[in-house]
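Everything below concerns the one structure shown next.
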Amino acid sequence: MQSESQIPIAASSKRRFAVSLALFYSAVFAVSGTHLPFFPVWLKAIGIDAAWIGLINALPAITRFTTLPQVTAFAEKRHAIRAAMMVSVLATAVGFTAVGLQQQPLALFLIYALTCMMWTPTMPLTDAYALRGVARYGLDYGPLRLWGSAAFAAGSLACGYLIDSIAARDLIWIIVAWAVVAVAASLLLQPLDDVRRKTTERHANKALLRDAGFRAIIASAALIQGSHVAYYTFSAINWQLHGISGLTIAGLWTLGVIAEIVVFALSPRFSLHPSTMIAIGGVSAVVRWIVTASEPPLALLAIVQLGHGLTFGMTIVGTMNLLVQRVPSHQIARGQGYYAACNGLLGATTSIVSGAIYARIGDGLYYVMAAMAAGGALVIWSARHRLKVHPQSEASGG
């Protein structure tokens, strides 16, 4: 039985873990909040054409299914997830600095590729670190993750404000600045020993990819999240062509992230099965992309952006809850690596193809995204009965 003197120490450790992780999530997502909507704008500003923009923006997704699984597996095998997170953000800051000094498409492509090899493992490693903390301290993933979304919104809004007052060619340095902040935040991360690892060593040889339920989870999530590729890559460019200002674009992105934050904050109260949450996310994405493809007026577009809370937020909450249920604690980084790799494979293909499709039919690209989301909803719905059975034993960290 735990003595009273031990309780404040446990509470203090739990609080330090939660605060340091929230700060790191915030810094990392501030990088994404400036990168996702405005990196393509920067590429266009320095003279990169649409075909190259599609190829360059495919690089993060490509590294997710090539180098990322090796990085996460190596970090997990060495029990160095926290150290890998720290190295990853440091390399990211250096890499984006080098990217900012380039203007030739091929050189930029190659340097950005090297940067992405170290940058893309950051989020799977962070989620693995977070889920181990969830298992150890009895925390909820959503309230931890919402701080990243809040920082994403703040970073996007700040960058949108600046885009109307600084040259678009200087946007890259805002991304670099946030990457440096992420390096500083990484120094505050708390060591987290996996207290269940010793009791689960006998399960180490279990192959996650042999689990049909696990495959259904990552495939459905990849299809639904992959349907956001057109939005991430071309929304800012397309909205600019329709006369929407940079600050308004940032505001539209921020509306979506606010809805996402609300979903994360309320997620501990959700009683739906995680597979149902993912299905809801997929169906919501179908509706969202069909409406977006019709070039709606600004007021309706703002309402549609609130659907991001369902299309992204609900999907990721359901996905993470299912991964906690089905993946042993000592394999969570490997599971996150497979999940990111599946996202990357589909995302890279979609990004490359979307550049050509967008050049031909513009907003009609969103109809393709709606079809992808529908596929993801069907995959998870067909596997819902299998996913209600948890394959882990208590000892395996489920």
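So what does the Cα-only Debye profile of region 98-149 read at q = 0.24 Å⁻¹, as log10 I(q)/I(0), no solvent term?
Relative scattering, expressed as log10 I(q)/I(0), comes to -0.85.
Which shape class applies to region 242-317: rounded if a/c is under 1.5, otherwise prolate when a/b exceeds b/c and oblate if not, where a ≥ b ≥ c are the square roots of the Cα gyration tensor eigenvalues?
Taking the square roots of the gyration eigenvalues as a ≥ b ≥ c, region 242-317 is oblate.
According to a simple spin-label model (label point 7 Å from Cα along Cα-to-Cβ), what is the distance in nm between Leu241 and Ala80?
4.6 nm
Using DSSP to call loops (not H, G, I, E or B), can you name the trypsin sites (Lys or Arg not before Pro) in region 70-104 whose Cβ has at most 14 other Cβ atoms within 10 angstrom?
Working: sites: Lys77, Arg78, Arg82; in loops: Arg78.
Here the trypsin sites (Lys or Arg not before Pro) that fit, given the DSSP loop and packing criteria, are Arg78.
Taking the Cα atoms of region 72-132 alone, what are Rg (to one decimal) and Dmax (as a whole number) in Å?
13.3, 42
Looking at region 26-115, I'd like the Rg to Rh ratio, where Rg is from alpha-carbon atoms and Rh is Kirkwood's inverse mean 1/r.
Details: Rg = 14.2 Å, Rh = 14.2 Å.
Rounded to two decimals, Rg/Rh equals 1.00.
Could you sort Asp140, Asp127 by accessible area so the largest value comes first, with the probe set to 1.4 Å?
Details: Asp140 80, Asp127 10 Å².
The most accessible residue leads, giving Asp140, Asp127.
Pick from Pro143, Pro191, Pro274: which is most flexible by mean-square fluctuation in a GNM of the chain where alpha carbon atoms under 10 Å apart are linked?
Pro191
Could you count how many Lys pairs in the chain have their Cα atoms under 22 Å apart, skipping same-chain pairs fewer than 8 positions apart?
Total qualifying Lys-Lys pairs in the chain comes to 5.
From the protein chains alone at 1.4 Å, what is the descending order of accessible area for Thr254, Thr248, largest first? List each step's numbers first, then the result.
Working: Thr254 20, Thr248 50 Å².
The ordering from most to least exposed comes out as Thr248, Thr254.
What whole-number distance in Å separates the alpha-carbon centres of region 218-255 and region 322-370?
Centre-to-centre (Cα) distance: 15 Å.
Accessible area per residue for the chain in Å², computed with a 1.4 Å probe and the full protein assembly in place, what is it? Walk me through the numbers before you get to the answer.
On the way: 16370 Å² over 398 residues.
Each residue of the chain exposes 41 Å² on average to a 1.4 Å probe.
Against the globular-protein guess of 2.2 N^0.38 Å, express the Cα radius of gyration of region 139-195 as a ratio, rounded to two decimals.
The value comes to 1.50.
Semi-axes of region 282-398's equivalent ellipsoid from the Cα gyration tensor, sqrt of 5 times each eigenvalue, largest first, rounded to whole Å?
That gives 32, 17, 12 Å for the three semi-axes.
Hey, in the GNM for the chain with a 10 angstrom Cα cutoff, which one of Trp119, Trp147, Trp173 fluctuates hardest?
Trp173
Seen from all sides and averaged, what is the projected area of the convex hull of the Cα atoms in the chain, in nm²?
Spelled out: convex hull of the Cα atoms, projected over all directions, averaged, 18.5 nm².
Report the per residue volume, in Å³, of the convex hull enclosing the C-alpha atoms of region 330-390.
81 Å³
Between rounded, prolate and oblate, where does region 219-353 land on the alpha carbon gyration tensor, with a ≥ b ≥ c its root eigenvalues, rounded for a/c under 1.5, else prolate if a/b exceeds b/c? Walk me through the numbers before you get to the answer.
Working: a/c = 2.30, a/b = 1.58, b/c = 1.45.
Judged from the Cα gyration tensor, region 219-353 comes out prolate (a/c at least 1.5, a/b above b/c).
What's the carbon and sulfur percent of region 188-347's accessible surface, probe 1.4 angstrom, rounded to a whole number?
The computed percentage sits at 64.
The values are calculated or read from the model by the stated rules, or taken from the named source; none is laboratory data. In this text the structure is predicted, and so the values were computed from the model without any measurement. Cβ sites come from the backbone with ideal geometry, for glycine too, and all protein chains shown count toward neighbours. Note: accessible area is taken over every heavy atom of the protein model, side chains too, but ligands, DNA and RNA are not part of it. Shrake-Rupley method; radii C 1.70, N 1.55, O 1.52, S 1.80 Å.
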